[in-house]
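The structure appears below as structure tokens.
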Number of protein chains: 2
Amino acid sequence: MNRQITIKDIAKEAGVSISTVSRVVNSSLPVKKETKEKVLKAIEKLNYYPDSLARSLRVGYTKTIGIIIPNIANPFFATIVRGAEDFLRSKGFSLMICNSDNNIVEEKKLFKTLIEKKVDGILYSGIGDHVESLINKNVKTVFIDRIIKSNKFSYVCSNNYNAMYKLLEYLYNSNHRKFIFISGQKEIFSAAERLRAFQDFANEYKIDFKIYEGEYTHESGLSVAKKIKNLPDVVVCANDLLAYGVIEHFKSKGLKVPKDVSVTGYDDIAFSKMFSPPLTTVKQPIYEMGKTAGEMIFTILSKKIDHIPVKQFENEIIIRESTRRRN
Amino acid sequence: MNRQITIKDIAKEAGVSISTVSRVVNSSLPVKKETKEKVLKAIEKLNYYPDSLARSLRVGYTKTIGIIIPNIANPFFATIVRGAEDFLRSKGFSLMICNSDNNIVEEKKLFKTLIEKKVDGILYSGIGDHVESLINKNVKTVFIDRIIKSNKFSYVCSNNYNAMYKLLEYLYNSNHRKFIFISGQKEIFSAAERLRAFQDFANEYKIDFKIYEGEYTHESGLSVAKKIKNLPDVVVCANDLLAYGVIEHFKSKGLKVPKDVSVTGYDDIAFSKMFSPPLTTVKQPIYEMGKTAGEMIFTILSKKIDHIPVKQFENEIIIRESTRRRN
């Protein structure tokens, strides 16, 4: 059958009025149980798909949320997306996914595309404050793992500053004195916060240190590690992927981690416990952060509110075998 | 400004006719360069978003593709999605992502939702043949890493049978004689093909063997490994995540891989080279498979064809340190 099945066909098949079918399809008004079953049977039999697109023009929503992240191939973001999609799917929402590679020009284009496609809201983990100007105020936005100054938006993140500071104190207490810190791009909120913790720690504890700026990738860890001339006691990396790259470079030079040098990460993505050596890092509740972002956008839309207060998770220090107590 | 900006406002601002604005916005007919620039400037100034939703009702497409995968938190699928989204984004398409956990009931619901949301096509990596009955013939579907008997669809996959057979011959030639094979769910095409290769190999080479059925997850590797009573020469796992779980279990029992037992995986996800020990596995061109799926659906839509021939990639055996030549 090539002709599009319409609500009229369903009404005829079920032997009810068109408005009754409409009530069932849109769950708009109550319908007697037997009548509802007749309608559902007809829908099943004729393989009818209610036209969501036409309907969303009528009721003003698409039940679609957009998510802009740097890269789904980074397990941190894959887990964020899984958490968000699990929650949203349970509420009948779909998730449109966009990779930006932390590129501002691309991010702007993606916001435009998502707004054009009439998403009901946007989950956003991007580079910085530039979005304030471009976000159409009709599209609700929840920032994930990022906070900007504006109070127009909603935020879910974790306490990057505190956990990084605690990790550094742990390293100090296990007799590390010479530090190298490899940060992420400073425009990214989480990277700026972890760097700020390191700078405060370095001032407070009068350690010997050097800072390199990298990116949150394995490749960046490899390339920054090549620049290290004098081996420190520990290389503190702003995320796990950076640490993987640094350790891979050290291994290729015949250096042993942690015997010759300690290395730490941040995130505790699933592979860090299986890494060789298992990585000392900071565990973020990644899946919960994604799920919470989904819950927040859903609450904002269903209660028709502008934004909700920042939801901040605490992180946990995880000591494994990529660090050791020095003598 | 709260009122919705329309094409009329743009025409007024730019001092051109409505049909000229329409030509620019829809790229439908050529427009003089200076005129086009005036229109684009007005669009920028008034912060105008063309209404894609209304437009897609007129021209009959949404420039949205749905993708159904078991789990985005599995790096294999995250890389597939990245490949597909990179290509589709370059063509102005967006990707709607759905996780099914290989659950048939969920998959059916997701097909229904995507069809209701008027996606132009579906990329699908799911459990089996059940979809033939439910796919609306108006929605073009490309199967990823799966082949079913129907010739109504398009397929991108890799040669699972050949590569698994070659890996097994390599193991035989390095003096492994007692094999355990842990398969994925048999309903999944790739799992069935890898299992078929193992069965043919076992018959041909008269080895000692035992087969367990697991799932493509780290947790499944852990739990199946616990059932192993007599240590074989090698545990051949149907994917890398299974192998990670098996090795983790062996480590917890004080067994050394590969000294006490060899273990192999399949996929070569990014972490397998960093694993402890680095994993012997089969490399699939995962990103290219995702990108090719995006290209195929785009070709099908833009050339208005029903389907295109199967695109099959060859795989590569990667020997690392989780296997050794036995004496």
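The values are calculated or read from the model by the stated rules, or taken from the named source; none is laboratory data. Since the structure is predicted, the reported quantities are computational estimates derived from the model, not experimental observations. Glycine gets a Cβ as well: all are built from the backbone with ideal geometry, and neighbour counts include every protein chain shown.
Observations
- Qualifying residue in region A:244-256 (condition: under 18 Å from A:PRO75 (Cβ atoms), among the hydrophobic types (A, V, I, L, M, F, W, C) and either surrounded by 23 or more Cβ atoms within 10 Å (Cβ to Cβ) or within 12 Å of chain B (Cβ to nearest Cβ) (or both)): yes
- Within region B:315-327, the residues that satisfy the criterion of being part of a strand (DSSP E or B) and in contact (Cβ under 8 Å) with a residue 60 or more places away in the chain are B:GLU316, B:ILE317.
- Applying the criterion of being modelled with pLDDT of 90 or more and outside any helix (DSSP H, G or I) to the residues of region B:146-161, the residue that is farthest from B:GLN284 (Cα to Cα) is B:SER154.
- Taking region B:22-108 and the helices (runs of 4 or more DSSP H) fully enclosed by it, the elements with 2 or more residues that are within 8 Å of another protein chain (Cβ to nearest Cβ), over 13 Å from the mean Cα position of the chain (by Cα) and modelled with pLDDT under 90 are at B:52-59.
- Among (1) in a helix (DSSP H, G or I); (2) over 23 Å from A:SER322 (Cβ atoms); (3) more than 26 Å from the chain's Cα centre (by Cα); (4) free of Cβ contacts under 8 Å to residues at least 12 places away in the same chain - the single one B:LYS229 does not satisfy: (1)
- Qualifying residue in region A:132-140 (condition: assigned to a helix (DSSP H, G or I) and more than 14 Å from chain B (Cβ to nearest Cβ)): no
- Among residues of region B:1-21, those that are surrounded by fewer than 17 Cβ atoms within 10 Å (Cβ to Cβ), part of a helix (DSSP H, G or I) and modelled with pLDDT of 90 or more, counted: 1
- In region A:292-327, the qualifying residues are those that are among the hydroxyl-bearing types (Ser, Thr, Tyr) and over 21 Å from the mean Cα position of the chain (by Cα), and the one that is surrounded by the fewest Cβ atoms within 10 Å (Cβ to Cβ) is A:SER302.
- Of all the criteria given as (1) surrounded by 22 or more Cβ atoms within 10 Å (Cβ to Cβ); (2) touching a His at 6+ places or on another chain (Cβ under 8 Å); (3) modelled with pLDDT under 95; (4) not β-branched (Val, Ile, Thr), the one not satisfied by A:PHE189 is (2).
- Of residues in region A:194-226 being basic (Lys, Arg) and in contact (Cβ under 8 Å) with a residue 12 or more places away in the chain, the one farthest from A:LYS259 (Cα to Cα): A:ARG196
- Any chance B:TYR124 is hydroxyl-bearing (Ser, Thr, Tyr) and surrounded by fewer than 18 Cβ atoms within 10 Å (Cβ to Cβ): no
- Tallying residues that are more than 9 Å from every other protein chain (Cβ to nearest Cβ) and part of a helix (DSSP H, G or I) within region A:110-122 yields 1.
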